[in-house]
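The values are calculated or read from the model by the stated rules, or taken from the named source; none is laboratory data. Please read all numbers here as calculations on a predicted model, not as lab measurements. Quick reminder, even Gly has a Cβ in these numbers, built from the backbone with ideal geometry, and neighbours come from all protein chains shown.
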Amino acid sequence: MKKVRIHAGFVGLVFKNGNYARVITAGKHWIRFSERVIKYDLTVPFQAPKALEILLKDQALSEMLIVIEVKDNEIVLVYENSNFKRLLTAGRYTFWNSLIDYKFETADLGKIDIIEDISKALFNNIQLRPYIRVFEVAAYEKAIMVVDDEFVKTLEHGTYHFWKNEQTIKIVKADMRQLQLEIAGQELLTKDKATVRINFYAQYKVTDIETALMRNKDYEKQLYITLQLALRAFVGAYTLDELLEQKETIAEAVLKDVKMQATKLGVNVLHTGMRDVILPGDMKDIMNQVLIAHKKAQANVVTRREETASTRSLLNTAKLMEDNTMLFKLKEMEYVEKIADKIGEITVAGNGNVIEQLKDIFSVNK
């Protein structure tokens with residue numbers, strides 16, 4: 001016989017002639033010379049030296065062990081005294097159940113939703129990270145979740161975590177802010193066959209994300225085409241002059257026309273506007289010539305109107321002077337005064353009427 005000492009925190013497995021015999025705990029034990037003892041630390045997971053099924057037939061040893069079976073589509077999170085320590089993949093694991101308080105959380109990787117009691121702080125743990133998919137939806141976005149090409153749900157803003165498995169997950173996002181769509185440099189033909197280039201814009205918001213992303217492909221491109229066709233139809237119904245005069249009217253008509261179609265795309269068009277109407281170089285020259293001619297005609301009308309008014313005033317004055325001799329003489333004196341202002345020196349004789357002499361001096365018939 002020989003004496004074996006098992007310290008606290010350890011156990012010993014006794015083997016006789018290579019076969020498991022019994023388990024011994026802390027203390028002093030006598031064993032035969034044909035037996036040997038393998039000591040195990042109770043703080044370290046148990047690694048069976050023999051087939052575990054054989055060892056577990058011993059009721060005493062079985063009650064000291066925790067056996068964890070992990071299936072192929074599972075992982076197990078191991079907590080020691082409430083702290084995460086390790087991750088177990090498919091296989092069989094054995095732990096001592098005496099000194100350390102173990103907790104085991106089994107996660108089913110066959111599902112995509114993480115419904116297990118796992119702290120989000122562990123999602124970035126280096127052991128757990130390879131098994132998790134992460135998706136971000138910004139504060140100004142919404143998203144739809146498609147699993148294996150089938151719509152599942154709508155996601156609000158936030159961070160989402162899912163188990164990583166053979167199922168495919170697609171997160172399609174949409175910007176929920178007010179957006180602007182530019183239709184730039186559109187060459188269109190007016191009713192009177194004038195070619196113009198138009199810059200047009202529309203402001204819109206996505207209102208139904210499922211309609212926009214699931215029932216329509218490239219809803220933004222479809223909205224662009226809808227606006228483009230409506231603009232083309234309205235511009236083609238106006239002459240160039242009408243187009244230049246009624247830009248706002250056309251923009252409002254386009255807005256009214258596309259609203260219904262936009263609803264089918266899951267968006268609401270809020271406002272439309274025609275930013276620029278650009279004429280080709282030759283058309284611009286012609287328009288400038290027309291503008292100059294128009295302004296000249298207006299100037300001629302104003303000149304003729306003033307001349308007519310002046311002539312009418314002179315005629316009225318002449319009639320008054322014809323009927324009133326005193327008024328005629330006053331008018332003569334007014335004109336003599338005006339002429340005299342422009343002459344430096346005038347010499348007249350002392351005899352005779354001064355006014356008559358001045359009349360003789362300035363008379364054109366002299």
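Where strands (runs of 3 or more DSSP E) sit wholly within region 23-137, those with at least 3 residues that are exposed (fewer than 12 other Cβ atoms within 10 Å of the Cβ) and in the same structural domain as Lys3 (by TED's automatic domain parsing) occupy 27-31. Consider region 145-160 and keep the residues that are in contact (Cβ under 8 Å) with a residue 24 or more places away in the chain and out of contact with any helix residue (DSSP H, G or I) (no Cβ under 7 Å at 6 or more places or on another chain). The one that is surrounded by the fewest Cβ atoms within 10 Å (Cβ to Cβ) is Thr159. Look at region 1-30: where a residue is over 18 Å from Ala48 (Cα atoms) and a partner is of a type in the set (Lys, Arg) and part of a loop (DSSP other than H, G, I, E, B), sitting 6+ places away or on another chain with Cβ atoms under 9 Å, you get Met1/Arg32; Lys2/Arg32. Scanning region 138-162 for residues that are among the aromatic types (Phe, Trp, Tyr) and part of a strand (DSSP E or B) yields Phe151, Tyr160, Phe162.
For residues that are farther than 28 Å from Lys85 by Cβ and among the hydrophobic types (A, V, I, L, M, F, W, C), tally how many sit in region 8-36.
Number satisfying all stated conditions: 6.
Figure legend. Inter-residue proximity from region 57-74: first residues more than 20 Å from Asn165 (Cα to Cα) and touching a residue at least 12 places away in the same chain (Cβ under 8 Å), second residues surrounded by 15 or more Cβ atoms within 10 Å (Cβ to Cβ) and of a type in the set (Asp, Glu), beta-carbon distance below 7 Å, spacing 6+ or different chains. No pairs are indicated.
Let me spell it out: the conditions are (1) without any contact (Cβ under 8 Å) to a residue 60 or more places away in the chain; (2) buried (at least 17 other Cβ atoms within 10 Å of the Cβ); (3) outside the structural domain of Thr249 (by TED's automatic domain parsing), and Lys142 meets all of them except one. Which number is the exception? Lys142 satisfies every listed condition except (1).
Matching residues to (1) in contact with a Gly (Cβ under 8 Å, 6 or more places away or on another chain); (2) at pLDDT 85 or above; (3) not in a helix (DSSP H, G or I):
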{"position": "Ala237", "(1), (2), (3)": "no, yes, yes"}
{"position": "Ile250", "(1), (2), (3)": "no, yes, no"}
{"position": "Gln261", "(1), (2), (3)": "no, yes, no"}
{"position": "Met274", "(1), (2), (3)": "no, yes, yes"}
{"position": "Met283", "(1), (2), (3)": "no, no, no"}
{"position": "Asn300", "(1), (2), (3)": "no, no, no"}
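Scanning region 186-228 for residues that are in a helix (DSSP H, G or I) and aliphatic (A, V, I, L, M) turns up Ile209, Ala212, Leu213, Met214, Leu223, Ile225, Leu227.
Quick one: is Ala194 crowded, with 17+ Cβ neighbours inside 10 Å, farther than 25 Å from Val152 by Cβ, touching a residue at least 60 places away in the same chain (Cβ under 8 Å) and of a type in the set (Gly, Ala, Ser)? Considered against the rule, which asks whether it is crowded, with 17+ Cβ neighbours inside 10 Å, farther than 25 Å from Val152 by Cβ, touching a residue at least 60 places away in the same chain (Cβ under 8 Å) and of a type in the set (Gly, Ala, Ser), Ala194 comes out as yes.
Against the criterion of being within 30 Å of Asn73 (Cβ to Cβ), part of a loop (DSSP other than H, G, I, E, B), touching a residue at least 24 places away in the same chain (Cβ under 8 Å) and not aromatic (Phe, Trp, Tyr), Asn165 qualifies. Within region 157-179, which residues are under 25 Å from Tyr204 (Cα atoms) and among the acidic types (Asp, Glu)? Hit for region 157-179 is Asp175, nothing else.
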